[in-house]
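Please read the structure below before turning to the comments.
The values are calculated or read from the model by the stated rules, or taken from the named source; none is laboratory data. What you see is a predicted model, and the numbers here were worked out from it, not measured in a lab. Methodologically, a virtual Cβ is constructed for each residue, glycine included, from the backbone with ideal geometry; neighbour enumeration extends over all protein chains shown.
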Amino acid sequence: MKALLVLPLILLGLGFSATPAPEPAAAPEGIEHYTVDGGHSSIVFKVQHFGLSNFYGRFNEVSGKIVVDPDDPTANEVEVEINAASIDTNSKGRDDHLKSADFFDVEQFPVILFHSTKVRPKGKDAMQLKGYLELHGVRKEIEAQLHHIGSGQDSRGRYRAGYEARFKIKRTDFGMGYGADKGVLGDEVEVIVALEATRDSE
């Protein structure tokens, strides 16, 4: 499945709304379906540079779906889609290189996908997530630690939920070995996926 409004929300929260506040959203019952809010979600990655420092970048465009079954967490599902061309490292020249065939080759592989295949509870608000990551034309199974950050209504009465997952991959496993043999860039990449999602209308 293919898969930021700060001032207005502050004003609403302080009561400066021109319209009456909506009725609070009821806590969900049964299976819950959520749509990822790309404007309030973050995809951040970390890689070593020359083995001397950690360098961080991000992807700016993310979408996806989350299914939550309160009665059976093993039935939960997560699907995430990332626009590879939305990579952002605060340097146009570097971003253009990362989009090229040396790295993500975004013209040939425009989308990065993840879909879960197995979820196992790991205590309160934590889960072990298994699934397939499709990156640069390669599909591999990965594991991630998923944490439920919180759920509740926003200032407009919409019901939201937040999750964060962390995992590590080797970029050479996905056919992106540029600079790895010379130690320019590390092979291991740590990824943080922070998702905020809104409950679908019933």
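Restricted to segment 61-107, and to residues there that are in contact with an Asp or Glu (Cβ under 6 Å, 6 or more places away or on another chain) and small (Gly, Ala, Ser), the residue that is farthest from GLU32 (Cα to Cα) is SER86.
Of the residues ASP102, ASP88, only one is surrounded by 14 or more Cβ atoms within 10 Å (Cβ to Cβ) and modelled with pLDDT of 95 or more; which? The unique qualifying residue is ASP88.
Selection of segment 170-187 for residues being touching a strand residue (DSSP E or B) at 6+ places or on another chain (Cβ under 8 Å) and either of a type in the set (S, T, N, Q) or surrounded by fewer than 18 Cβ atoms within 10 Å (Cβ to Cβ) (or both) yields LYS170, ASP173, GLY175, TYR178, GLY179, VAL184, ASP187.
Screening segment 113-145 for residues that are touching a His at 6+ places or on another chain (Cβ under 8 Å) and under 18 Å from LYS170 (Cα atoms) and picking the one that is surrounded by the most Cβ atoms within 10 Å (Cβ to Cβ) gives GLY131.
Candidates are the residues of segment 47-97 that are in contact with a helix residue (DSSP H, G or I) (Cβ under 7 Å, 6 or more places away or on another chain) and not in a strand (DSSP E or B); the one that is nearest to GLU107 (Cα to Cα) is ALA85.
Could we say that LYS140 is assigned to a loop (DSSP other than H, G, I, E, B) and among the basic types (Lys, Arg) here? When the stated conditions are applied, LYS140 does not pass them.
Since ASN76 meets every condition but one in (1) under 17 Å from LEU195 (Cα atoms); (2) in contact with a Gly (Cβ under 7 Å, 6 or more places away or on another chain); (3) of a type outside the set (Gly, Ala, Ser); (4) crowded, with 17+ Cβ neighbours inside 10 Å, which condition does it not meet? Here ASN76 meets the rest and fails (2). Right, GLU196: surrounded by 14 or more Cβ atoms within 10 Å (Cβ to Cβ) and in contact with a helix residue (DSSP H, G or I) (Cβ under 7 Å, 6 or more places away or on another chain) or not? Answer is yes for this residue.
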